[in-house]
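Every number here is computed from the coordinates shown, using simple stated rules; none is lab data. Computed from a prediction, not measured in an experiment: that's the story for all the values here. Glycine gets a Cβ as well: all are built from the backbone with ideal geometry, and neighbour counts include every protein chain shown.
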Amino acid sequence: MTTTQPSPTAAGSGASASDAFRASTERRGSAGTSQERADRLLSRTLAAIHQVIREEEVSYPEFQTVKRWLMEVGEGGEWPLFLDVFFEHEVEKVAARTQRGSVGSIEGPYYLPGQRRLGSVATLPMRPDEKGARLVFSGQVRDLDGAALAGAEIDFWQADADGYYSGFAPDLPEGNLRGVIVTDDQGRFEITSVLPAPYQIPTDGPTGALIAAAGWHPWRPAHLHLMVRADGHRQITTQLYFAGGEWLGSDIASATKDELVLDPERQADGGYTAVYDFVLEPA
Ligand code: DHB
Ligand code: FE
């Protein structure tokens with residue numbers, strides 16, 4: 001039996017994403033910045049926008065359209081969604097300049113901390129009739145010298161086979177397709193889940209309207225989200241994609257990297273297996 005799932009509205013996802021982001025900055029803290037640095041960044045940002053206005057001869061009606069749109073992004077709570085789609089990838093690439101070991105990618109707006117802690121061989125919490133092909137995703141967590149990291153945590157979250165995230169779409173059980181997997185004494189893990197579908201930016205809100213206005217598509221390729229952490233090591237936040245997946249070459253969030261593409265192997269029972277190892281650098 002499958003039940004039809006109401007689509008999440010942009011406003012619903014946006015409001016939940018705003019709440020999740022506020023909670024995360026309280027938890028992780030947000031760094032202040034010096035007046036000098038603020039002056040420099042703000043001046044350069046404004047100068048870049050002023051240049052576009054001059055060179056493209058932006059008109060009053062265009063300016064007013066932008067003003068109205070910015071108001072709607074705020075009112076709809078879509079700032080986390082919008083910023084994570086169009087800006088986070090550049091911040092991540094800057095962070096990656098000083099990162100060794102496994103390659104990272106953006107966190108996006110749908111991480112929720114405090115999920116169920118699971119063993120090294122685990123099935124993610126899912127509905128009894130969870131739609132989608134089974135995926136068994138396994139691997140090992142090691143340090144830069146190749147030593148296994150026992151007790152490492154893989155904080156895992158993904159969309160379901162309709163492309164929706166629990167906690168942000170109505171009618172999905174809390175914690176669905178989320179969990180913290182803890183590696184065994186060989187640093188190994190094996191996670192049973194389902195293949196996620198590609199994710200579509202909600203089309204009924206201002207971010208969707210901006211994408212449509214420009215004639216772009218609103219899709220991200222199907223992906224898994226992970227944070228991998230171990231005592232004394234620098235945490236990585238990353239995503240894994242699927243070879244041959246739709247939108248892999250044109251992710252609206254520009255967050256794919258060649259190193260992050262899994263090549264799942266189809267099994268006789270119609271399910272898939274995929275393997276990926278993580279390497280963490282010292283903290
Ligand atoms: C967004 C959604 C995602 O699932 C993701 O991985 C990155 C960004 C977004 O809607 O902003
Ligand atoms: Fe995502």
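In bins 5 Å wide, starting from 0, what share of all Cα pairs of the range 165-269 does each bin hold, as a percent?
2, 10, 15, 19, 20, 18, 9, 5, 2, 1, 0
So if we plug the beta-carbon distance of residue 51 and residue 214 into 1/(1 + (r/R0)^6) with R0 = 25 Å, what FRET efficiency do we get, rounded to 0.05?
0.80
With a 10 Å cut-off between alpha carbons and a GNM built on the chain, which of 46, 83, 112 moves the most?
Top of the fluctuation ranking is 46.
Just to confirm the number: angle between the C-alpha axis of helix 60-75 and the first principal axis of the chain, 0 to 90 degrees, nearest 10?
On a 0 to 90 degree scale, this one is about 40.
Count the net charge of all other residues whose Cβ sits under 13 Å from the Cβ of residue 13, scoring Lys and Arg as +1 and Asp and Glu as -1.
For residues surrounding residue 13, the net value is -4.
Roughly what % antiparallel, to the nearest 5, for the DSSP beta bridges in the chain?
70 percent
Taking only Cα atoms and a 10 Å spring cutoff, compute GNM fluctuations for the chain and point out the largest among 90, 107, 62.
Checking each option, the largest mean-square fluctuation is seen for 62.
Along the principal axes of its C-alpha atoms, what lengths does the chain span, in descending order and rounded to whole Å?
62, 49, 34
Straight-line reach only, C-alpha to C-alpha below 19 angstrom: list the aspartates and glutamates that residue 257 could link to, leaving out same-chain residues fewer than 8 apart.
In chain and number order, the partners are 84, 88, 90, 92, 107, 246, 277.
How much length, in nm to one decimal, is gained on full extension between residue 15 and residue 58, taken as 0.36 nm per residue of separation minus their Cα-Cα distance?
Result: 12.3 nm gained on full extension.
In degrees from 0 to 90, rounded to the nearest 10, what is the angle of the helix 10-28 Cα long axis to the longest principal axis of the chain?
Helix 10-28 and the main axis of the chain meet at about 70 degrees.
Which of these, 232, 245, 208, has the largest mean-square fluctuation under a Gaussian network model of the chain (Cα springs below 10 Å)?
Maximum among the listed residues: 232.
Compute the length gained on full extension between residue 263 and residue 70: take 0.36 nm times their separation in residues and subtract their Cα-Cα distance, giving the result in nm to one decimal.
65.5 nm
If you stretched the chain out fully between residue 138 and residue 235, how much longer would it get, using 0.36 nm times the residue separation minus the C-alpha to C-alpha distance?
Extra length from residue 138 to residue 235 when fully extended: 33.0 nm.
If you project the alpha carbons of the range 1-134 onto their three principal axes, what span does each projection cover, largest first, in Å?
57, 41, 28
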